[in-house]
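Enquirer: Below is one structure. I have some questions about it.
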Amino acid sequence: MLASEDANLKTALTWAATDRDAETLLRLCGGLWQFWQTRGELTEGRSWLETGLALRPSASEATTMTALWGIGWLAYHQADEAAAEGAVVRLADLAERHQDDRARRNALTLLGMVAIARDQGAEAVNLLEDALSLAVPGGERWLLATSQLNLGLAHLCVGDTDRARAAIGEALRAYEEIGDQRFHARCLGYLGHAALIDRDTDRASALLRSSLTAFRHLAEPGGTAEGLVGIAAVHALHGNATRATMLAGAAERLRDSYAGRQLPLDERVSGRYLAVAEDLLGPEEWSRAWAEGRKLRLDSAIDLALD
């Protein structure tokens with residue numbers, strides 16, 4: 001629905017920025033940053049948020065906390081951990097000043113995700129357990145489900161697939177009840193990653209195919225890229241080195257289109273199997289297959305993955 005209002009939204013954002021109305025601009029951004037993330041418009045989203053946070057007089061601290069949460073996530077998806085941590089410092093300070101447990105949870109969540117990116121799994125588990133404990137009393141089902149999903153990712157980071165499946169499974173059921181198709185699909189993908197770690201290729205394939213099919217329907221580039229690489233890893237495990245490499249190349253091209261990165265946890269899980277595909281092909285054939293994958297149209301790449 002928001003996509004059909006693109007022109008009107010940009011007019012409103014531009015008006016608020018031109019009028020130096022930080023409160024209005026950041027209120028708009030606070031409601032839009034997940035939309036920008038879903039659409040792969042990470043750079044545009046960060047630009048508007050940075051503009052609003054730099055305006056003086058500043059927005060209210062409540063509005064600023066939401067904006068810092070958004071810009072931290074967009075920066076994280078663009079591999080800018082320094083900017084994400086900078087947002088966390090400001091967010092945590094404001095959260096303590098206002099005794100705001102929701103904002104405290106958000107700050108801990110970003111710190112936990114940065115720890116996962118840096119392969120600091122034990123620290124990530126501690127941070128994201130604390131974030132989950134702050135989400136429970138508020139009773140917001142989506143926030144609680146997302147906290148469970150994030151904790152599941154921390155368990156994946158340390159290789160504890162049993163705890164990961166339990167946490168992600170709880171989140172999956174909650175998203176299904178809430179009707180959040182995007183995060184439901186993300187849970188399916190990460191359950192597929194747990195199966196990959198356990199080398200259960202049949203289960204991994206079924207879960208990752210379901211996730212990719214959903215993200216294709218939702219037209220979300222980030223989730224689609226995640227699904228392509230996950231299925232590439234399955235093909236690598238089956239010895240289908242050329243197809244695995246082509247799918248990974250197609251995923252890279254898709255990420256390039258929205259200036260995002262492959263999330264480090266995903267890269268560590270799939271990378272170990274894709275390295276085997278590279279060894280099987282040798283440098284020259286691997287480069288050729290990667291380049292062929294990058295040439296594929298997105299629909300063709302998805303069809304190749306799901307075939």
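Enquirer: Determine the pairs where a residue that is open to solvent by 30 Å² or more (accessible area, probe 1.4 Å) and modelled with pLDDT of 95 or more, located within region 171-187, has a partner that is among the hydroxyl-bearing types (Ser, Thr, Tyr) and part of a helix (DSSP H, G or I) with Cβ atoms under 6 Å apart, the partner being 6 or more residues away or on another chain.
Expert: Hits for this filter: His184/Tyr175.
Enquirer: A further question follows. Checking Gln262 against (1) closer than 29 Å to Gly121 by Cβ; (2) open to solvent by less than 20 Å² (accessible area, probe 1.4 Å), which single condition isn't satisfied?
Expert: Of everything listed in (1) closer than 29 Å to Gly121 by Cβ; (2) open to solvent by less than 20 Å² (accessible area, probe 1.4 Å), Gln262 misses just condition (2).
Enquirer: Report, by residue number, each residue of region 236-267 that is within 21 Å of Gly40 (Cβ to Cβ), not charged (D, E, K, R) and not in a helix (DSSP H, G or I).
Expert: Once the filter is applied, which keeps residues that are within 21 Å of Gly40 (Cβ to Cβ), not charged (D, E, K, R) and not in a helix (DSSP H, G or I), region 236-267 yields Tyr258, Ala259, Gly260, Gln262, Leu263.
Enquirer: Output the helices (runs of 4 or more DSSP H) that fall wholly within region 101-189 and possess 2 or more residues being closer than 21 Å to Arg203 by Cβ and of a type in the set (Lys, Arg), or say none. Lay out the reasoning, then the answer.
Expert: Working: elements: 101-117, 121-138, 141-157, 161-178.
Because the criterion is at least 2 residues that are closer than 21 Å to Arg203 by Cβ and of a type in the set (Lys, Arg), the helices (runs of 4 or more DSSP H) in region 101-189 that meet it are 161-178.
Enquirer: Give the number of residues within region 190-220 that are crowded, with 17+ Cβ neighbours inside 10 Å and not in a helix (DSSP H, G or I).
Expert: Summing the residues that are crowded, with 17+ Cβ neighbours inside 10 Å and not in a helix (DSSP H, G or I) in region 190-220 gives 1.
Enquirer: Inspect region 133-151 for any residue being at pLDDT 95 or above, open to solvent by less than 20 Å² (accessible area, probe 1.4 Å), touching a Cys at 6+ places or on another chain (Cβ under 9 Å) and not polar (S, T, N, Q) and give the result as yes or no.
Expert: For region 133-151, residues at pLDDT 95 or above, open to solvent by less than 20 Å² (accessible area, probe 1.4 Å), touching a Cys at 6+ places or on another chain (Cβ under 9 Å) and not polar (S, T, N, Q): present.
Enquirer: Can you pull out every residue in region 273-307 that is more than 27 Å from the chain's Cα centre (by Cα) and among the basic types (Lys, Arg)? Even if it seems obvious, please write down each step before you answer.
Expert: Residues of region 273-307 more than 27 Å from the chain's Cα centre (by Cα): 279-288.
Within region 273-307, Arg288 is the sole residue that qualifies.
Enquirer: OK, next. I'd like to know if region 75-82 contains one or more residues that are free of Cβ contacts under 8 Å to residues at least 40 places away in the same chain and farther than 25 Å from Leu26 by Cα. Outline the logic, then answer.
Expert: From region 75-82, those free of Cβ contacts under 8 Å to residues at least 40 places away in the same chain are 75, 80-82; that's our starting set.
Checking which are farther than 25 Å from Leu26 by Cα leaves us with none.
No: zero hits.
Enquirer: Can you say whether Ala92 is open to solvent by less than 20 Å² (accessible area, probe 1.4 Å) and in contact (Cβ under 8 Å) with a residue 12 or more places away in the chain, as far as the supplied structure shows?
Expert: Working: open to solvent by less than 20 Å² (accessible area, probe 1.4 Å): no; in contact (Cβ under 8 Å) with a residue 12 or more places away in the chain: yes.
The answer is no for Ala92.
Enquirer: Here's a follow-up. Could you please find all residues in region 154-163 being open to solvent by 10 Å² or more (accessible area, probe 1.4 Å) and in contact (Cβ under 8 Å) with a residue 24 or more places away in the chain?
Expert: His155, Cys157, Val158, Gly159, Thr161
Enquirer: Which condition number in (1) free of Cβ contacts under 8 Å to residues at least 40 places away in the same chain; (2) within 22 Å of Arg39 (Cβ to Cβ); (3) surrounded by 19 or more Cβ atoms within 10 Å (Cβ to Cβ) is the one that Asp256 fails?
Expert: Status for Asp256: all satisfied but (3).
The values are calculated or read from the model by the stated rules, or taken from the named source; none is laboratory data. For clarity, every value in this text was computed on a predicted model and none was experimentally measured. Neighbour counts run over all protein chains shown; Cβ positions are idealised from the backbone, glycine included. Remember, those area values only see protein heavy atoms, side chains included, never the ligands or the DNA or RNA. Shrake-Rupley method; radii C 1.70, N 1.55, O 1.52, S 1.80 Å.
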